[in-house]
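The values are calculated or read from the model by the stated rules, or taken from the named source; none is laboratory data. Quantities reported herein were computed from a predicted structural model and do not represent experimental measurements. These accessible areas exclude ligands, DNA and RNA; they are computed on the full protein's heavy atoms, side chains included. Shrake-Rupley method; radii C 1.70, N 1.55, O 1.52, S 1.80 Å.
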Amino acid sequence: MTLLIFSVTSYGQSHKWQLSIQLQPELTFHKDSYPWWKESNDKSTLNIGVASIVQYDINKSLFVSSGVGFISRTLHTANFLNQAALPPPKQSFTNELVTTKSVSYRVISFPVIIGYNFISTTKFKSFITTGFSGNYLLNTAYKSNFSRYDGAYKKSYWQGYSLTVGLGTDFKLTKKLQATSSLSYAYKHLVKEDEYILNQNGNGLTLGHNYLSLSVGIKLSL
């Protein structure tokens, strides 16, 4: 019993585990349109997500973290909406020309991150990260030039994955609290085709995009 109490006390004082809640403003980079028959221009949209992350410090320099996040990632892009592919009751076979104004992907992400502290003091840490995130698409909301087709349509499948690199800092506020901030870029962000957007063959179209994300929050040592 004495050994158990000693080990639990030592574990609790090691501060190897940390829980953080983060707000994540994001610049999402996409095209103003994706059809092959017209020139597409690059565009960016500001979106905001949230995340809860658990971090484990392997040693003074290395750490791993994982958690869950949510974002409604909006693309302001003009593409043809395939109203015949929509589920009832909004499905239509009248074949009017419907163009999207925006497409919003509501995504739950599951990141796994490896980090390295290249500066570490009692008050301040600077680190670099690399990570992988599996992205699960809950639903997609469309706005178009025909409001009868607007709305959020359930998807519920794995949309794809992201590979990221990042740079960040932690600043100690109290014995157990730290302020944390980091900037990460998705140098690879794969997504499935959107089955409700037309391409030249009448099938789904992939709305490729990537993002630059700022994370700001608080870390609590457990």
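Ligands, DNA and RNA aside, I53 has an accessible area near 20 Å² when probed at 1.4 Å. With the convex hull drawn around the C-alpha atoms of the chain, the volume per residue stands at 135 Å³.
Binning the alpha carbon pair distances of region 36-83 at 5 angstrom intervals from zero yields the distribution 5, 12, 14, 13, 12, 11, 10, 9, 6, 5, 2, 0, expressed in whole percent.
Largest mean-square fluctuation among T121, T174, T94, in a Gaussian network model of the chain whose springs join Cα atoms under 10 Å apart, belongs to T94.
Averaging the sequence gap over all C-alpha pairs within less than 8 Å and six or more residues apart, then dividing by the number of residues, gives the chain a relative contact order of 21 percent. Evaluating 6.51 cos²θ - 1.76 cosθ + 1.60 at θ = phi - 60° for every residue in region 170-180, the Karplus couplings come out as 10, 10, 6, 9, 9, 4, 10, 10, 9, 8, 10 Hz, glycine and proline recorded as x. Here the mean projected area of the convex hull built on the C-alpha positions of region 124-214 is 8.7 nm². Take region 83-222 with all the other protein chains still there, run a 1.4 Å probe, and you get 52 Å² of accessible area per residue.
Leaving out ligands, DNA and RNA, what percent of the accessible area of the chain is carbon and sulfur, probe 1.4 Å? Answer for the chain: carbon and sulfur cover 65 percent of the accessible area.
Distant-in-sequence amide contacts of G49, defined by a placed amide H-H separation under 5 Å and a gap of 5 or more residues or a different chain, comprise Q24, E26.
For region 98-109, putting each phi into the Karplus relation 6.51 cos²θ - 1.76 cosθ + 1.60 with θ = phi - 60° gives couplings of 9, 10, 6, 9, 7, 10, 10, 8, 8, 10, 9, 10 Hz, in residue order, rounded to whole numbers and with x for Gly and Pro.
Amide H contacts of S40: none lie under 5 Å away among residues 5 or more positions distant or on a separate chain (H built 1.01 Å from N in the peptide plane; Pro and chain starts excluded).
Summed over all non-identical Cα pairs, the Kirkwood treatment of region 124-175 gives a radius of 14.8 Å.
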